[in-house]
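**Q** Here it is: the structure, laid out below.
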Amino acid sequence: MMKKKEETANRPDNTAFTQQRLPAWQPMLSAGIVIPGFLLIGMAFIGIGVALFLTSQNIQVLERDYTGDESDSPCNTCTHSSPNCNCMLNFTLSKLFEGPVFFYYGLSNYYQNYRRYGVSRDDSQLSGDLTYFKNPDSNCAPYRVDSNSVPIVPCGSIANSMFNDTFRLYHIVNGKEKEVPFDGKGIAWWTDYNVKFRNPSLVNGTLKAAFDGTVKPINWPKPAYELDPNDSSNNGFLNQDFLVWMRAAALPDFRKLYRRITQGDYAAGLPAGNYSLKITYNYPVLSFGGRKKIVLSNVSWMGGKNQFLGIAYLVIGSLCVVMSMVMLIVYAKFKFPDDSS
Amino acid sequence: MLRWIRQQLGFDPPHQSETRTVYIANRFPQHGHYVPQKFADNRIISSKYTIWNFVPKNLFEQFRRIANFYFLIIFLVQLMIDTPTSPVTSGLPLFFVITVTAIKQGYEDWLRHKADNEVNGAPVFVVRSGSLVQTRSKNIRVGDIVRVAKDETFPADLVLLSSDRAEGTCHITTASLDGETNLKTHYAVPETAVSQSVSRLEALQAVVECQQPEADLYRFVGRITVTQQGEEIVRPLGPENLLLRGARLKNTKEIFGVAVYTGMESKMALNYKCKSQKRSAVEKSMNTFLIIYLVILLFEAILSTILKYAWQAENKWDEPFYNQKTEQERNSSQILKFISDFLAFLVLYNFIIPISLYVTVEMQKFLGSFFIGWDLDLYHEESDQKAQVNTSDLNEELGQVEYVFTDKTGTLTENEMQFRECSINGIKYQEINGKLVPEGMTDDFPDGSVPHLSREEELFLKAVSLCHTVQISYDQTDGVGDPFPRANGISSQMEYYASSPDEKALVEATKRMGVTFIGSNGENMEIKTFGRSEKYKLLHVLEFDANRRRMSVILQSPSGDKVLFTKGAESSVLPYTKSGEIDKTRLHVDEFALKGLRTLVVACRHFSAEEYEEVDRRLHEARTALQQREERLAEAFAFIERDLQLLGATGVEDKLQEKVQETIEALRLAGIKVWVLTGDKMETAVSVSLSCGHFHRTMNILELVQQKSDSECAEQLRRLARRIKEDHVIQHGLVVDGTSLSLALREHEKLFMEVCRSCSAVLCCRMAPLQKAKVVRLLKTSPEKPITLAIGDGANDVSMIQEAHVGIGIMGKEGRQAVRNSDYAIARFKFLAKLLLVHGHFYYIRIATLVQYFFYKNVCFITPQFLYQFFCLFSQQTLYDSVYLTLYNICFTSLPILVYSLFEQLVHPHVLQSKPALYRDISKNSLLSFKTFLYWTLLGFCHAFVFFFGSYILMGEDTSLMGNGQILKANRQLMFGNWTFGTLVFTVMVITVTLKLALETHFWTWMNHFVTWGSIAFYFIFSLFYGGIIWPFLHTQDMYFVFVQLLSSGSAWFAIIIIVLTCLFPDVIKKVFYRHLQPTSTQKSQLIETHQGISCVDSMCCLSEGESGCARLGRMVERLIGRCDPTRVSRSWSDSDPFCSNDRSILTLSPVEGSRC
């Protein structure tokens, strides 16, 4: 026995693994599987597509450009004048704009995704780390320190270029303006608001003191700790408009959520009627050929208006069905060899 | 004379002189002009590195690889300039790749060092200062006197000085050098032959002068000058005086020789080609593809750079108010900016060249090669040897072989001849249990009884046992130098050696039948017939020559009769017979030949006293003739070998290895041309060729042999070419011998190749080792550049094994030189079929798909990045986070392809082996043709476009907007931001790329399931984890909760599903239509398996069925990983999948029989 073992000491193991005989499923894309499969998938897709398309159709969207470069535009006067220029944009809703309504501002030709722009921020600073207040990240240049070498907080191009037009919406009821209440909370990512962005811990009970030894961004009219002096939970780095702005857009034409309309008489939506939007026009876009607009939109179970998704499902679904038909015809004509048995 | 030599040497620098002068025992002349020559020491070096040069040399070699060098450049660029990604993203993988490769190569070289040390450290005995000193082989210097004992190999090329025999002869066998197993006699010059002891050698004063080392084994020119009593005696030295390193001393107790060529200068070492790195065809096309991708990369980078500057020509784009530049940026020079932008784009797109391709390929090759060693079908039970992989670099080349060059002795044959049948006096006999039994009768003699032989039978046996040139080697213990040992110890101590294995087999056969050849001492031959000793006086030997194709001996029998025995090819003996059963014998010979036996016809002639006198006179005259000796000898032979009495014929089987014929047939069906290259004689070679099915009986055999001049050779070649053209219906076989070959190759290479290509089988005989390599190189470099494979077992095959694309060593009897220098080693020739047809096929398909897939997935990966530049002002913004950039190739998409490339089986191995023609499906590197490459690349680009623009459009038809709601917290419509967009593209990409491979996978083991679904799951889990934490060491927290945000959007899910399906949809359609309308033979044969119902659907179910499946999973894993010993097997393998059963015999069943189980 022992000798026998020695004689075959080199004998390879006889296992399914070493002999490459692992049990295996060997699928084959034969017509028998593919035709019904395609048919099923096609049907399902068409169903989903119809649902998505109809849902999308039901979403109401209202867009108004207020760049003001055309002379008949209500904001035309503001394109040249000093800051805090006001202009009014009027529009009419012919039927109820179902709530909750979302109010966006949109910019186009604006490259928030420019690499140098995108990295020009200091996340450590924005998380309230005071060491970075004194010495902001080098990526923030040229908005790292001001001409007197005092560090800028929040530093960097993104913060510096924060959108600063403001809007107020009035419902014209019986010739009188009735302000539509805007909800400025919950427009930013929950995690941004609660985790990622932190104000520095208060010094002497004020946020202002924590910002000592720093200057506001060059383009800002007021420092970060005065972004919303009325609401401390919306002030400083936690200001939701600031948070929304700091999330850089992927593409040069983008819109950002400004307010939600969820309160008061307008919780169910904007009733039909005339509306007037009061715009405080500050943000210059004409210098780089950009445009500004506002968007009112509501939302469905699958998100905002997106007709293409439904269409894509319909197209692919029908293609699947058509292909399964074609295959069936070819199948009948050529009598596939593998289905003969 | 000596002075003249000295003068010669004095004027010529030593290393340039045409001759080398060796002072025996290094006793240099005391006076006179003497310039010491420098010789190499006796060290054999096959290793590539030393400890000192390993790091620089290895790094240098690795960076010669285009991909490694490329990544080094990228890494350096990232270090130097401001780039979108950090140097770590390319530095880390590069470091990993380089380290892994260096460790692997270092290990391999360490093994070579070990082997070298073994050879160099072997003990040898050298005469130094008057005594015999034991030292190591590497310490032998030129001029040392070396003592070699019986059965030892010579440690260096030695000039024989003396042996234990008085006449100074010794026998050696050169089996490991040229494959010839017969004993060869070598001689010492008489002046030194007397120096048989150390003390006498001490007194020897001699100088050997010989040519500088050269590779030809059979050429040696030199002279020895012996000084005896002040007198100089000069003797010529030839190859018969030279004992080659690697040869073995036989039949001689000990010899003394002086080393003339040592170490790497020995003829054996010179016959080894230096081991060059072999590259497979796949690797070559891989490099081509890499270059194409490099061009694509450069194109994209240049285009991006140009567009960037075209875009930035207007100031409002270049520097809008929100994105001011720093002073430094404004002031740097335009050209510098341009260059640094270009480099930044290069870095951004650099992932299109897949760095992990090399690592994955290397891992795949390394791990995959284990399957060869593990294969039970490649395991040889008798010798307990399994297949061995020396270089895993060439696995896939096994699937590409177009020419097989095989050695004959020991490769096709067992190197054993066996007597099978004979025909005596018109009656056929067979050998049964060592007795001669007439055909049709059974062995009815009880064991031990002495059979009665008829007179004819006895004469025939005597003729066979006397007419030969066999020599006998006795055991060392007794009877050295005594040709007639004691009668009782014959069988155990005697071993026959013959230049022709047939003779050996015949003499051994007659010995078994009772007529034993005991020995000869030059004058007498003694045989023992049933215990009765008879002495024959050997009068003349009429040696064998290729023209006569017969040999004869003239003997004086004990009774005083003079008799001639002749033995030879039937065509050269039968015409000269005049009595005996000529017709019947001829019939029998044909029958033997049809059975594949090697036939010889035996005849005799009795001389009367007068006749013999005449014969003797003629022979003497011819032999002593000074002019035209050869013609006169031939005349004399013709005069003697006539009026013969036919005794009978023999049939000897050159024992082929098992299943050689089937293997060669299978290779031929697979479209592989088989060439036999042998050092053997033409006759032997042709007959083996016939019996192993290399040549068919129906083949028209063309000969290109014994060409002496260039023009003659050319003429013959032209004649052959013409014959082939005229007669193209039947197959042609070509026989070439070494000398004709070298003539043909020198001037008429083209013509020769043309002839060869139209022959279905080629046999080259009388080949020197380097000539074999030359033939291989000739084929290799011919216009079609076919992939060649050389297989052999002896040292004489080493150069050919190293020259061919794939070298395979047979673990045979002739040492392990071939195995050591081979890429793969197997125990038997028949294993070649499985090695090529199954393993080669698998490896090729696996690696080809691996390579194509790698390029595909990197195109998918990087093209969206490129497209994104059009939307971000060509600012080199990355679409994906740098962690994703780094991990895409390393983690998310690496395992499925690795597992695929280890386990994929497009067709069942058993089908592959039974249908060799499937091998043609993958020939000529078809899966890596430019067409398929283009298909995969375009597919990659298409998918990338769908990923990018699909995400682009689907995320909001408003072209810009990321309006999206959340299912979980309805009433919110937040913006996504650039990282979410990138992550969406990335998610779609990972899923599509993984599923694309799933579509390609035909063999789903549980591991494929695990890694395919596991990779996707891992991606999701990793992303959740990566995005779920604020990473303290990262400076930016771009990815924080991005992935969760993405997944919390309902339309994102819909988008992912639709984009993935859109990508795969056309692919599925294409596959179905191709399969049904234009199935390849591989696909057709896949159907065969399906009909046998092998599908192991539960391999999938056990992972996807949930609870009930998981319960089975446990059993499954146990089954798969645990050893399947028979008892366990019968229990655990379900009846539904017979092919998974462990019974190996099932694998050999034909499809029809398969249904039974």
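The values are calculated or read from the model by the stated rules, or taken from the named source; none is laboratory data. Everything numeric here is computed off the predicted structure, so don't read it as measured data. Here the Cβ is made from the backbone with ideal geometry for all residues, glycine too, and neighbour counts use every protein chain on show. Accessible surface areas use protein heavy atoms only, side chains included; no ligands, DNA or RNA. Shrake-Rupley method; radii C 1.70, N 1.55, O 1.52, S 1.80 Å.
**Q** If you roll a 1.4 angstrom probe over the protein chains with everything in place, what fraction of the accessible area of the protein assembly as shown belongs to carbon and sulfur, to the nearest %?
**A** Here it works out to 57 percent.
**Q** Still on this model: By a straight-distance test (C-alpha under 30 Å), which lysines pair with residue B:1070 as possible cross-link partners, with residues fewer than eight away in the same chain excluded?
**A** The reachable lysines, counting only those whose Cα sits under 30 Å from residue B:1070, are A:333, A:335, B:284, B:857, B:915, B:924, B:931, B:996, B:1084.
**Q** Would you be so kind as to list the residues of region A:134-150 that have their accessible area lowered by at least 10 Å² in the full protein complex compared with their chain by itself (1.4 Å probe)?
**A** In region A:134-150, residues shielded by partner chains: A:137, A:141, A:142, A:143.
**Q** Once the dipole of the protein assembly as shown is set up with Lys and Arg at +1 and Asp and Glu at -1 on Cβ about the Cα centre, which of B:698, B:761, B:979 lies farthest towards its positive end?
**A** After comparing all options, I get B:979.
**Q** Under the classification rounded if a/c is under 1.5, otherwise prolate if a/b is larger than b/c and oblate if not, where does region B:714-786 fall, given a ≥ b ≥ c as square roots of the Cα gyration tensor eigenvalues?
**A** It comes out prolate by the Cα gyration axes.
**Q** Just tell me how shielded B:362-373 is by partners: mean number of partner chain Cβ atoms within 10 Å of each residue's Cβ, no decimals.
**A** Rounded to a whole number, the mean comes out at 1.
**Q** Something else about it: Hey, could you grab the Kirkwood Rh for chain A? Inverse mean 1/r over distinct alpha carbon pairs, Å, one decimal.
**A** Taking every pair of different Cα atoms in chain A, averaging 1/r and inverting gives 25.2 Å.
**Q** Around residue B:654, which amide H atoms from residues at least 5 apart in sequence, or from another chain, sit under 5 Å from its own amide H, with H modelled in the peptide plane?
**A** So residue B:654 has HN proximity to B:418, B:598.
**Q** Here's a follow-up. Could you tell me the ratio Rg/Rh of region A:238-326? Both radii from Cα atoms, Rh via Kirkwood.
**A** 1.11
**Q** How large is the Kirkwood hydrodynamic radius of region B:694-846, in angstrom, based on all distinct alpha carbon pairs?
**A** 16.6 Å is the Kirkwood radius here.
**Q** So what are the ³J(HN,Hα) numbers for region B:713-719, from phi and the Karplus equation (6.51, -1.76, 1.60; θ = phi - 60°), rounded to whole Hz, Gly and Pro as x?
**A** Each residue's phi maps through the Karplus curve to give 4, 4, 4, 4, 4, 5, 4 Hz.
**Q** Which far-off residues, 5 or more places away or on another chain, put their amide H under 5 Å from the one on residue B:761, with H placed in the peptide plane?
**A** B:732, B:734
**Q** Pull up all non-local amide H partners of residue B:701: gap of 5 or more, or a different chain, and H-to-H distance under 5 Å with H placed in the peptide plane.
**A** For residue B:701, the qualifying residues are B:733.
**Q** Also, quick follow-up: State, as an integer percentage, the relative contact order of region B:50-159 based on alpha-carbon contacts under 8 Å between residues 6 or more apart.
**A** So the answer I get is 15 percent.
**Q** How much of the calculated P(r) for the protein assembly as shown lies past 52 Å, in percent of all Cα pairs?
**A** For the protein assembly as shown, the share of Cα pairs beyond 52 Å comes to 49 percent.
**Q** How large is ³J(HN,Hα), in whole Hz, for each residue of region B:322-334 in order, when computed from phi with the Karplus curve 6.51 cos²θ - 1.76 cosθ + 1.60 and θ = phi - 60°, using x for Gly and Pro?
**A** For region B:322-334, the Karplus curve yields 7, 9, 6, 8, 7, 4, 4, 5, 5, 8, 5, 6, 4 Hz.
**Q** Taking the Cα atoms only, what angle lies between the long axis of helix B:894-903 and the longest principal axis of chain B, rounded to 10 degrees?
**A** Approximately 30 degrees, to the nearest ten.
**Q** Which residue fluctuates most in the GNM of chain A (Cα springs below 10 Å): A:50, A:61, A:326?
**A** The residue with the greatest mean-square fluctuation here is A:326.
**Q** So for B:343, B:158, what's the accessible-area order with a 1.4 Å probe, most first?
**A** B:343, B:158
**Q** Would you mind getting the accessible area per residue of the protein assembly as shown, heavy atoms of the protein chains only, 1.4 Å probe, in Å²?
**A** 41
**Q** Go through region B:46-141 and name the chymotrypsin sites (Phe, Trp or Tyr not before Pro) that are in a DSSP coil and have 13 or fewer other Cβ atoms within 10 Å of their Cβ.
**A** B:52
**Q** Next question, about the same structure. Could you order peptides B:405-417, B:325-337 by the average number of other Cβ atoms within 10 Å of their residues, highest first?
**A** Descending packing order for the listed peptides: B:405-417, B:325-337.
**Q** Based on the mean of other beta carbon atoms within 10 Å per residue, what is the order of B:945-953, B:988-996, A:226-234, B:583-591, most packed first?
**A** Final packing ranking: B:988-996, B:945-953, B:583-591, A:226-234.
**Q** Right, next: Translational diffusion coefficient of region B:90-196 at 37 °C, 0.692 mPa s, Stokes-Einstein with Kirkwood Rh over Cα pairs, in µm²/s as a whole number.
**A** Taking Rh from Cα pairs, D becomes 190 µm²/s.
**Q** Am I reading the A/B interface right? What is its buried accessible area, both sides, 1.4 Å probe, to the nearest 100 Å²?
**A** Chains A and B together bury roughly 10200 Å² of accessible area.
**Q** May I ask you to list the lysines whose Cα is less than 20 Å away from that of residue A:278, ignoring any residue fewer than eight positions away on the same chain?
**A** A:176, A:178, A:256, A:292, A:293
**Q** For region B:460-472, just list the computed ³J(HN,Hα) in residue order, Karplus coefficients 6.51, -1.76 and 1.60, θ = phi - 60°, integers in Hz, with x standing in for Gly and Pro.
**A** 4, 5, 5, 4, 5, 7, 10, 8, 6, 10, 6, 10, 10
**Q** In the calculated pair distance distribution of region A:159-205, what percentage of Cα-Cα distances lie above 15 Å?
**A** Everything past 15 Å amounts to 71 percent.
**Q** Could I ask something else about it? Plugging the Kirkwood radius over Cα pairs into Stokes-Einstein for region B:771-929, at a temperature of 20 °C and a viscosity of 1.002 mPa s, what D comes out in µm²/s?
**A** For the chosen part, D equals 113 µm²/s.
**Q** In terms of Cα to Cα distance under 12 Å, which aspartates and glutamates are near enough to residue B:337, apart from those fewer than 8 places away along the same chain?
**A** B:82, B:329
**Q** Just tell me how shielded B:1035-1048 is by partners: mean number of partner chain Cβ atoms within 10 Å of each residue's Cβ, no decimals.
**A** Across the residues of B:1035-1048, the mean count of other-chain Cβ atoms within 10 Å is 4.
**Q** Relative to the isolated chain, which residues of region B:301-324 have their accessible area cut by 40 Å² or more in the presence of all protein chains (1.4 Å probe, heavy atoms, no ligands or nucleic acids)?
**A** SASA drop of 40 Å² or more in region B:301-324: B:316, B:317, B:321, B:322, B:323, B:324.
**Q** Per residue and in Å³, how big is the convex hull formed by the alpha-carbon atoms of chain B?
**A** 250
**Q** Over the Cα atoms of region B:521-572, what radius of gyration and what Dmax do you get, in Å?
**A** For region B:521-572, the Cα radius of gyration and maximum Cα-Cα distance read 12.7, 38 Å.
**Q** A further question follows. Roughly what % of DSSP beta bridges within chain B run antiparallel, to the nearest 5?
**A** Around 80 percent antiparallel, to the nearest 5.
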